[in-house]
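Trainee: The following block contains the structure, expressed as structure tokens.
The values are calculated or read from the model by the stated rules, or taken from the named source; none is laboratory data. Bear in mind the structure is a predicted one, so any value in this text is a computation, not a measurement. No Cβ is skipped: glycine too gets one built from the backbone with ideal geometry, and neighbour counts run over all protein chains shown. What goes into the accessible areas is simple: the full protein's heavy atoms, side chains included, and nothing from ligands, DNA or RNA. Shrake-Rupley method; radii C 1.70, N 1.55, O 1.52, S 1.80 Å.
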Amino acid sequence: MNQRKRIAFLVPNLEGGGLQRVALNLLKGLALHDVSLDLVLASAQGTYLKDIPSGVRVIDLKTPIQPRLKSASRVTLPLINYLRQEKPDALVSHLYTCNVVAVIAKKLAMSSAKLALVEHISLYEKKARENQLRENFLPISMRWLYPRADAVVAVSKGLARELETYLEIKQGSIQSIYNPVVNENLLRKAESPVNHPWFRDGEPPVVLGVGRLVKQKDFCTLIHAFSLVRQVRPARLVILGEGSEKSKLIALVRELGLEDDVAMLGFVDSPSAYMARAAVFVLSSILEGLPTVLIEAMAVGTPVISTNCESGPDEILDNGNYGLLVPVGNTKAMAEAILSVLSGDSKPVNSAWLDQFTLESATQKYLDILGFTDDVCKYE
């Protein structure tokens with residue numbers, strides 16, 4: 001009998017982010033198959049540590065990293081040691097800094113593991129980050145190292161095409177696999193109670209935004225749009241998430257006199273419960289890879305509005321067939337879209353459309369690109 005294949009996931013940490021939730025969901029899907037699983041963490045810390053699926057072995061490299069190449073390079077030696085000692089059959093790396101290190105570590109370890117690099121973030125977002133001069137080496141290293149992986153995966157078709165152009169890789173060489181968002185756990189959590197008084201029956205409708213409170217998510221535009229909505233009808237705005245822009249956003253709420261109608265509730269472990277009770281979900285981002293929260297809101301039956309940003313929203317919404325798309329940064333258009341939905345003009349989602357975002361679909365595609373389809377079976 002053949003020995004079970006061992007698949008390792010490389011993730012920086014398990015802080016509360018979309019990337020981490022995607023990785024854990026994929027591990028849950030793979031755990032249903034006849035494979036051994038390692039979760040290799042640069043540092044075993046973060047909110048989602050409690051959500052690691054049963055049976056997944058955690059490897060803590062004890063080397064905390066920041067999203068900078070110099071910081072991530074410290075993981076190289078511990079990762080080389082892991083590859084030499086444990087000899088996984090495949091390594092799936094998430095996040096661009098980890099990806100660069102993974103290629104180098106595999107080469108130096110002389111590992112035979114199949115290497116898949118997963119990109120979640122638009123390269124234009126990377127270029128927009130602070131300390132850009134310090135990061136100039138990153139795209140050069142990506143162009144040199146990424147073609148040496150066995151597979152490069154982008155979480156949306158738009159991101160795949162962007163990567164091919166930016167990295168000067170032949171068109172069609174980067175595969176797109178949508179994030180595994182729709183699963184039983186998501187739907188179960190959507191039924192959890194929400195204690196906030198604004199979600200009780202008879203209260204004004206709630207507009208919901210979810211994400212890191214950073215410039216990329218552009219919650220400023222959402223707050224300004226909500227201010228216009230409030231001039232027309234009663235409503236509330238709830239924002240879930242933490243981040244560096246929080247104090248700025250709170251100040252904006254005060255400046256616009258919206259303190260009684262806007263609540264910033266911080267990080268929430270199960271945002272789907274809030275989504276299921278909101279009147280409309282709004283994604284206001286400037287840039288995305290594949291906005292998981294947009295899919296989650298659709299899956300629980302909440303009408304959605306999104307900026308038509310690069311990349312992902314137009315793919316998720318089928319070019320506006322399953323939700324409203326508005327221009328990036330356009331406060332008036334966003335307010336008009338919110339008012340339209342609150343007036344009953346929403347677009348129902350065909351359940352078959354959501355099949356491409358299921359855990360089962362994504363898991364099978366990862367097994368396919370790793371070449372393990374014929375070597376593993378699904379547990380009954």
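Trainee: Suppose the chain between R84 and D34 were pulled fully straight at 0.36 nm per residue; how much longer would it get relative to their current alpha carbon spacing?
Mentor: Length difference between fully extended and current span is 15.7 nm.
Trainee: Round to the nearest 10 and give me the degree value, 0 to 90, for the angle of helix 331-342's Cα axis relative to the longest principal axis of the chain.
Mentor: 80
Trainee: So what's the angle, to the nearest 10 degrees on a 0 to 90 scale, between helix 246-255 and the longest Cα principal axis of the chain?
Mentor: Rounded to the nearest ten degrees, it is 10.
Trainee: Let me ask you something else. Which length gain, in nm to one decimal place, applies between H196 and R57 when the Cα-Cα distance is subtracted from 0.36 nm times their residue separation?
Mentor: Length gained, H196 through R57: 46.3 nm.
Trainee: Still on this structure, I have one more. Taking the solvent-accessible surface of protein heavy atoms with a 1.4 Å probe, what is the per residue accessible area of the chain in Å²?
Mentor: I get 44 Å² per residue for this part.
Trainee: Name the residue from G344, P291, L317 whose Cα lies farthest towards the positive end of the charge dipole of the chain, charges +1 on Cβ of Lys and Arg and -1 on Cβ of Asp and Glu.
Mentor: In the chain, that residue is P291.
Trainee: In the range 143-219, carbon and sulfur make up what percent of the accessible area (probe 1.4 Å)?
Mentor: On the range 143-219, the fraction of accessible area on carbon and sulfur atoms equals 47 percent.
Trainee: Let me have the 222 nm mean residue ellipticity of the chain computed from DSSP H runs of 4+ only, each contributing -39500 (n - 2.57), with the sum over all residues rounded to the nearest 500.
Mentor: My calculation for the chain gives -10500 deg cm²/dmol from helical runs alone.
Trainee: Also, quick follow-up: Using a 1.4 Å probe over the heavy atoms of the protein chains, calculate the carbon and sulfur portion of the accessible area of the range 1-52 as a whole percent.
Mentor: Reported share for carbon and sulfur atoms: 44 percent.
Trainee: On the first, second and third principal axes, largest extent first, how far apart are the outermost C-alpha atoms of the range 238-380 in Å?
Mentor: Extents along the principal axes: 61, 32, 27 Å.
Trainee: Quote the relative contact order of the chain in percent (integer), defining contacts as alpha-carbon pairs under 8 Å separated by 6+ residues.
Mentor: For the chain, the relative contact order is 16 percent.
Trainee: Let me ask something else. In units of 2.2 N^0.38 Å, what is the alpha-carbon radius of gyration of the chain?
Mentor: Dividing the Cα radius of gyration by 2.2 N^0.38 Å gives 1.00.
Trainee: Report relative contact order for the range 227-380 in percent, whole number only (criteria: Cα-Cα under 8 Å, sequence separation at least 6).
Mentor: In percent, rounded to a whole number, it is 17.
Trainee: For F267 paired with K347, estimate the spin-label separation in nm (one decimal), with each label point 7 Å from Cα along the Cα-to-Cβ line.
Mentor: 3.4
Trainee: Name the residue, out of S306, S156, S73, whose mean-square fluctuation peaks in a Gaussian network model built on the chain with Cα pairs under 10 Å.
Mentor: With Cα springs under 10 Å in the chain, the top fluctuation among S306, S156, S73 is at S73.
Trainee: Probe radius 1.4 Å, ligands and nucleic acids left out: which of T76, T373, T165 has the largest accessible area, and how do the rest follow?
Mentor: Solvent-accessible surface, decreasing: T165, T373, T76.
Trainee: Using only protein heavy atoms and a 1.4 Å probe, report how much of W198 is accessible, in Å² to the nearest 10.
Mentor: 40
Trainee: Let me ask something else about it. Could you give the angle, 0 to 90 degrees to the nearest 10, between helix 18-30's Cα long axis and the longest principal axis of the Cα atoms of the chain?
Mentor: 60
Trainee: Express the relative contact order of the range 190-301 as a whole percentage, based on alpha carbon pairs under 8 Å and six or more residues apart in sequence.
Mentor: RCO, the range 190-301: 38 percent.
Trainee: On to the next question. Going 7 Å from the Cα of T165 in the Cα-to-Cβ direction, what parts of the range 276-294 have a backbone nitrogen less than 17 Å from that spot?
Mentor: Those under the cut-off are 287-290.
Trainee: How much length is gained if the chain between W144 and L77 is pulled fully straight, taking 0.36 nm per residue apart and subtracting their Cα-Cα distance, in nm to one decimal?
Mentor: 22.1 nm is the gain from fully extending W144 to L77.
Trainee: Same structure again: Quick one: which residues, 5 or more positions from V58 or on another chain, have an amide H under 5 Å from its amide H? H modelled 1.01 Å from N in the peptide plane, none for Pro or chain starts.
Mentor: Result for V58 returns L39.
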